[in-house]
Amino acid sequence: MRQPKIIVVGGGLAGLMATIRVAEAGVPVDLFSIVPVKRSHSVCAQGGINAAKNQKGEGDTTWKHFDDTIYGGDFLANQPLVKRMCEAAPGIIDLLDRMGVMFNRTSEGLLDYRRFGGTLYHRTAFAGATTGQQLLYALDEQVRRHEAEDRVKKYEGQTFLSAVIDESGVCRGICAMDLRSMEVKTYPADAVIFCTGGIGAIFGRSTNSVVCTGSAQSALFQQGVDYANGEFIQVHPTAIPGEDKLRLMSESARGEGGRVWVPKNPADTRPARSVPEGERFYFLEEWYPKYGNLVPRDIATRAIHRIVYQEKLGIQGQAAVYLDVTHIPREALDRKLEGILEIYEKFLGIDPREEPMKVFPAMHYTMGGIWVNAEDQATNVPGIFAAGECEYQYHGANRLGANSLVSCIFGGGLAGPAAVKYARSLEKGAESISSGVYDNERKRQEDKNQALISPDGTENPMTIWRELGEVMTEHVTVTRINKDLQAADAKIRELLERYGRINLSDRTRWSNQTLNFARELGNMLVLARVVTLGALQRNESRGAHYKPDFPERDDANWLKTTRAKWVSGEISLSYEPVDISQIPPRARRYDAAK
Amino acid sequence: MPDVKEVIVRVKRQVSPKGTPYWEEFALPWRPAMNVIICLRDIAENPVTREGKKTTPISYDSNCLEEVCGSCAMLINGKARMACSALVDKLEKPILLEPFSKFPVVRDLAVDRQFMFESLKRVKGWIPIDGTYDLGEGPRMAPETQEKAYPLARCISCGSCLEVCPQVNDNNKFIGAAIISQVRLFNMHPTGAMHAKERIAALMEPGGIQDCANAQNCVKACPKDIPLTESLAEMNRQAWKQALVGWLIG
């Protein structure tokens, strides 16, 4: 039998899990990543991973996890795969535990679970407050073992440029650039799994890492891979503002009892701890008595915006509210939240065990993404699969906290065997494709580099990026107004036009980070339009997508998946029904039990 | 510019692995809450030296910007540290930026730390599970064990401990404290412990634990406060024990 070859692009949780599963099936894998995979963005996940293990005797079930996820996502997610994910979650925790993840333990030596947003159960397993890091390391170690035993070959320091697609529209490999030699090369494969994460960089500053640009998704989109629900962007309620990055302050702070408040008098200049209890406004607890500080992220984020912008109650007039853990015993804080409290302490020089933290919402997660089918993570282009944050399948209109890690591992675990099955079913493998197909794609990408590097432009890519981030953050995050969205799209089109006149301050051919960034920027601009146009079209409010002019969810017209297609160089939006076969949609409210 | 405070940054640059290092100086407008990454981004947006000479943006590694990915380690005023958490207001000026000296320079401040990942392979740094199919729960573990192991598991492979170690030099390829501490972590896990011997054997090869000269610089440089000297002592004990048993059995 012909031995197929699989490529995985992206070495975060989803990519590593897909790699392990392909290697286990005995099929060789080439794993491509911009950074050494151990430095992938998954390390930034803090709070934990959900699984209805019912380890606290609360009567939790996988169905309740499923229901919370669908309800939290405001019924936009296709239900069958979400159900399968929630059913698989307890087994995923067991697997991670066997891989050696240092989860926190109970006195009986079992895994400990804490509460998270959008649920009333203790369902979140955690390793301190650096759970994503610990999970990524466990999978990284397993991949290293496969690498040592020659089943996996890593291509770290390589950036994906494009898919190689043959005359019949089938993917036959990828074209990538070495970030040191800047050499552009093609790599044949029978199937390619994309696990390229979120798109935070499109918003300038976010909680995402530097590599989370969405460039790969956008490149694929421009090659005919559909993109779904692009307008659904999660803004996390609690982050530390910063000029280079908005650093996440995990929901686990509230899961462990942290409280959000502002002084009732915004002119109050006393230090937070001197403000008496009666003069504090715990607005989440007051507005949402049932879930309190643990309402889902879209709800908490809008509440904070309301406090700051409508009620004018931001701390001393600033865009900030308190996230307070000072009432929690120091020993518990150090055991369960040290990783995040340390970030606050290091970057602000203030000990959050003593002083309430000042936080504000920040772009955090990409619910939308590459369109995949409802069975096995396949996209609409044969041979291309996607898993993890870069695809759209699991979180609907709003992701619940601690569901991302489980969706990455579940999706990656599904994509691996699916790609193997597909590759084995092919009559003709990549080896039978004429070299001209590969040569043409390489040439096309080399020409793009040449156009960028030729010295006739005036526009600085960093400046274009900053302007893109500003307009996206202002108009395409928490509150969306149609005329502003139109203005935002006009601005992005202007930036695209200026992008055509780019001037690179570095034209060397060795480790040229400027050239790589310019390539990513071009893709970011296109994907920014997909997000903006999706938001403009959707005249309703659902989950993270909020339009004050259309404040209600409108199931009659908008219980639909947005599906963006690239049609002769333009973005075209179409809509398809959502699979609601398991749980009929009902009103979503968090001020009472659902 | 009288009313704009300036931050002077001097960067040791190198165009390629074989290039000759040279220094460039930049004057950047000061802003509140600046860190070294923001300085490097400011230079990228306007790559002009203090003398007004056009130059190229500076190459450096970065990713998470919250000190958990390990990318942006460099020498800042001569000290091994992460650029993202190096706050400008707390640094002596002018700020001196240099690449790590114990790793090959790729370009400017970017270095190649592949040695660390290869070392993790050498010591079999993983829990050898039978497969990813469902085999039920993992072994139970006392909270006390987890609390000891978790801090070791937070190593971000930044390379600071190798950079400051006198035993890592051109004549000696010492594996370094980070890797030795990782072996301790895997040997602490109930399943990992079943294969402790082969990891310890790997640590006793050339460049292994015997090369530690107990300078104790590593523990001071670790940005994650990992008890590295404790790990070195513990692994030294395990290695001696294994050597002794091997010698006795003959």
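The values are calculated or read from the model by the stated rules, or taken from the named source; none is laboratory data. Bear in mind that the values here come from a model prediction, so they are computed numbers and not experimental data. Cβ sites come from the backbone with ideal geometry, for glycine too, and all protein chains shown count toward neighbours.
Within the stretch B:92-130, track down each residue that is in contact (Cβ under 8 Å) with a residue 24 or more places away in the chain, within 21 Å of B:Phe26 (Cα to Cα) and part of a loop (DSSP other than H, G, I, E, B).
Across the stretch B:92-130, the qualifying residues are B:Lys93, B:Pro94, B:Pro99, B:Phe100, B:Asp108, B:Leu109.
Does B:Leu28 meet the test of being more than 7 Å from every other protein chain (Cβ to nearest Cβ) and touching a Phe, Trp or Tyr at 6+ places or on another chain (Cβ under 9 Å)?
Details: more than 7 Å from every other protein chain (Cβ to nearest Cβ): yes; touching a Phe, Trp or Tyr at 6+ places or on another chain (Cβ under 9 Å): no.
For B:Leu28, the condition - more than 7 Å from every other protein chain (Cβ to nearest Cβ) and touching a Phe, Trp or Tyr at 6+ places or on another chain (Cβ under 9 Å) - is not met.
Scan (1) in contact with a helix residue (DSSP H, G or I) (Cβ under 7 Å, 6 or more places away or on another chain); (2) away from every other protein chain (no Cβ under 14 Å); (3) part of a loop (DSSP other than H, G, I, E, B) for the single condition A:Arg270 breaks and write down its number.
Unmet for A:Arg270, out of (1) in contact with a helix residue (DSSP H, G or I) (Cβ under 7 Å, 6 or more places away or on another chain); (2) away from every other protein chain (no Cβ under 14 Å); (3) part of a loop (DSSP other than H, G, I, E, B): (1).
Is it true that B:Ser85 is at the interface with chain A (Cβ under 8 Å from one of its Cβ atoms), closer than 29 Å to A:Cys212 by Cα and surrounded by fewer than 24 Cβ atoms within 10 Å (Cβ to Cβ)?
Considered against the rule, which asks whether it is at the interface with chain A (Cβ under 8 Å from one of its Cβ atoms), closer than 29 Å to A:Cys212 by Cα and surrounded by fewer than 24 Cβ atoms within 10 Å (Cβ to Cβ), B:Ser85 comes out as yes.
Can you tell me which of A:Leu111, A:Leu96 is within 11 Å of chain B (Cβ to nearest Cβ), touching a Lys or Arg at 6+ places or on another chain (Cβ under 7 Å), buried (at least 21 other Cβ atoms within 10 Å of the Cβ) and farther than 26 Å from A:Glu285 by Cβ?
The conditions single out A:Leu111.
Considering (1) touching a Cys at 6+ places or on another chain (Cβ under 9 Å); (2) farther than 20 Å from B:Ala149 by Cβ, say which one B:Asn236 fails and leave the rest.
Of everything listed in (1) touching a Cys at 6+ places or on another chain (Cβ under 9 Å); (2) farther than 20 Å from B:Ala149 by Cβ, B:Asn236 misses just condition (2).
Output the number of residues of the stretch B:189-222 satisfying the condition of being in contact with a Lys or Arg (Cβ under 7 Å, 6 or more places away or on another chain) and crowded, with 20+ Cβ neighbours inside 10 Å.
Within the stretch B:189-222, residues that are in contact with a Lys or Arg (Cβ under 7 Å, 6 or more places away or on another chain) and crowded, with 20+ Cβ neighbours inside 10 Å number 1.
Considering only the stretch B:140-159, how many residues are touching a helix residue (DSSP H, G or I) at 6+ places or on another chain (Cβ under 6 Å) and polar (S, T, N, Q)?
Result for the stretch B:140-159: 1.
Conditions (1) modelled with pLDDT of 95 or more; (2) surrounded by fewer than 17 Cβ atoms within 10 Å (Cβ to Cβ), marked per residue:
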position: A:Gly411; (1), (2): yes, no
position: A:Ala423; (1), (2): yes, no
position: A:Lys428; (1), (2): no, yes
position: A:Leu468; (1), (2): yes, no
position: A:Thr473; (1), (2): yes, no
position: A:Lys483; (1), (2): yes, yes
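Within the stretch A:173-195, does at least one residue satisfy the condition of being part of a loop (DSSP other than H, G, I, E, B), in contact with a strand residue (DSSP E or B) (Cβ under 8 Å, 6 or more places away or on another chain), surrounded by fewer than 24 Cβ atoms within 10 Å (Cβ to Cβ) and among the aliphatic types (A, V, I, L, M)?
yes
Of all residues in the stretch A:155-172, which are within 14 Å of chain B (Cβ to nearest Cβ) and not in a strand (DSSP E or B)?
Once the filter is applied, which keeps residues that are within 14 Å of chain B (Cβ to nearest Cβ) and not in a strand (DSSP E or B), the stretch A:155-172 yields only A:Gly157.
Suppose we keep only residues that are assigned to a loop (DSSP other than H, G, I, E, B) and acidic (Asp, Glu) within the stretch A:326-355. Which one would you say is surrounded by the most Cβ atoms within 10 Å (Cβ to Cβ)? Working first, answer last.
Keep residues of the stretch A:326-355 that are assigned to a loop (DSSP other than H, G, I, E, B), which gives A:326-329, A:337, A:349-355.
Filter once more, keeping what is acidic (Asp, Glu): A:351, A:354-355.
On the way: A:Asp351: 13, A:Glu354: 11, A:Glu355: 17.
Among those residues, the one meeting the criterion is A:Glu355.
Out of all the residues in the stretch B:156-174, is one or more within 14 Å of chain A (Cβ to nearest Cβ), free of Cβ contacts under 8 Å to residues at least 40 places away in the same chain and under 19 Å from the mean Cα position of the chain (by Cα)? Break it down stepwise before answering.
Narrowing the stretch B:156-174 to residues within 14 Å of chain A (Cβ to nearest Cβ): B:156-159.
Next cut, free of Cβ contacts under 8 Å to residues at least 40 places away in the same chain only: none.
No - not one qualifying residue is present in the stretch B:156-174.
Just to verify a result, which residue in the stretch A:426-484, among those that are part of a loop (DSSP other than H, G, I, E, B) and within 30 Å of A:Val27 (Cα to Cα), is farthest from the other protein chains (Cβ to nearest Cβ)?
A:Ser434
Please verify whether the stretch A:574-593 includes one or more residues that are of a type outside the set (Val, Ile, Thr), buried (at least 16 other Cβ atoms within 10 Å of the Cβ) and within 30 Å of A:Thr379 (Cα to Cα).
No, the stretch A:574-593 contains no residue that is of a type outside the set (Val, Ile, Thr), buried (at least 16 other Cβ atoms within 10 Å of the Cβ) and within 30 Å of A:Thr379 (Cα to Cα).
Residues checked against (1) within 18 Å of the chain's Cα centre (by Cα); (2) not hydrophobic (A, V, I, L, M, F, W, C):
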residue: A:Gln3; (1), (2): no, yes
residue: A:Ile7; (1), (2): no, no
residue: A:Val27; (1), (2): no, no
residue: A:Gly48; (1), (2): yes, yes
residue: A:Gly59; (1), (2): no, yes
residue: A:Phe75; (1), (2): no, no
residue: A:Pro80; (1), (2): no, yes
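Please work out which one of (1) in contact (Cβ under 8 Å) with a residue 40 or more places away in the chain; (2) in contact with a Pro (Cβ under 8 Å, 6 or more places away or on another chain); (3) more than 20 Å from A:Phe116 (Cα to Cα) is the condition A:Glu345 fails and give its number.
(1) is the only condition that A:Glu345 fails.
Suppose the filter is more than 18 Å from A:Gln377 (Cα to Cα), within 11 Å of chain B (Cβ to nearest Cβ) and in contact (Cβ under 8 Å) with a residue 24 or more places away in the chain; does A:Val152 pass it?
no
Please find, among A:Gln142, A:Gln134, the residue that is free of Cβ contacts under 8 Å to residues at least 60 places away in the same chain and crowded, with 21+ Cβ neighbours inside 10 Å.
A:Gln134
In the stretch A:454-466, how many are surrounded by fewer than 16 Cβ atoms within 10 Å (Cβ to Cβ) and among the small types (Gly, Ala, Ser)?
Final tally of qualifying residues: 1.
Report every pair of residues separated by at least 6 positions or lying on different chains whose Cβ atoms are under 7 Å apart, first residue within the stretch B:135-155 and on the phi < 0 side of the Ramachandran plot, second of a type in the set (Val, Ile, Thr) and crowded, with 20+ Cβ neighbours inside 10 Å.
Here the result reads B:Pro151/B:Ile226; B:Leu152/B:Ile226; B:Arg154/A:Thr130; B:Arg154/B:Ile226; B:Cys155/B:Ile226, each pair linking the stretch B:135-155 to a residue that is of a type in the set (Val, Ile, Thr) and crowded, with 20+ Cβ neighbours inside 10 Å.
Of all residues in the stretch A:573-585, which are in contact with a helix residue (DSSP H, G or I) (Cβ under 9 Å, 6 or more places away or on another chain) and without any contact (Cβ under 8 Å) to a residue 60 or more places away in the chain?
A:Leu573, A:Tyr575
Give the residues of the stretch A:24-43 that are crowded, with 24+ Cβ neighbours inside 10 Å and over 22 Å from A:Asp178 (Cα atoms), sorted by residue number.
Within the stretch A:24-43, A:Ser42, A:Val43 qualify.
Confirm whether B:Arg122 is surrounded by 22 or more Cβ atoms within 10 Å (Cβ to Cβ) and of a type in the set (Lys, Arg).
no
Would you pick out the residues in the stretch A:213-246 that are assigned to a loop (DSSP other than H, G, I, E, B) and within 30 Å of A:Met357 (Cβ to Cβ)?
A:Thr213, A:Gly214, A:Phe232, A:Pro241, A:Gly242, A:Glu243, A:Asp244, A:Lys245, A:Leu246
Tell me, which residue of the stretch B:48-68 that is free of Cβ contacts under 8 Å to residues at least 12 places away in the same chain and facing chain A (nearest Cβ under 8 Å) is surrounded by the fewest Cβ atoms within 10 Å (Cβ to Cβ)?
Taking the candidates together, the pick is B:Lys54.
Name every residue in the stretch B:161-179 that is assigned to a loop (DSSP other than H, G, I, E, B) and charged (D, E, K, R), in order of residue number.
Within the stretch B:161-179, just B:Asp170 meets the criteria.
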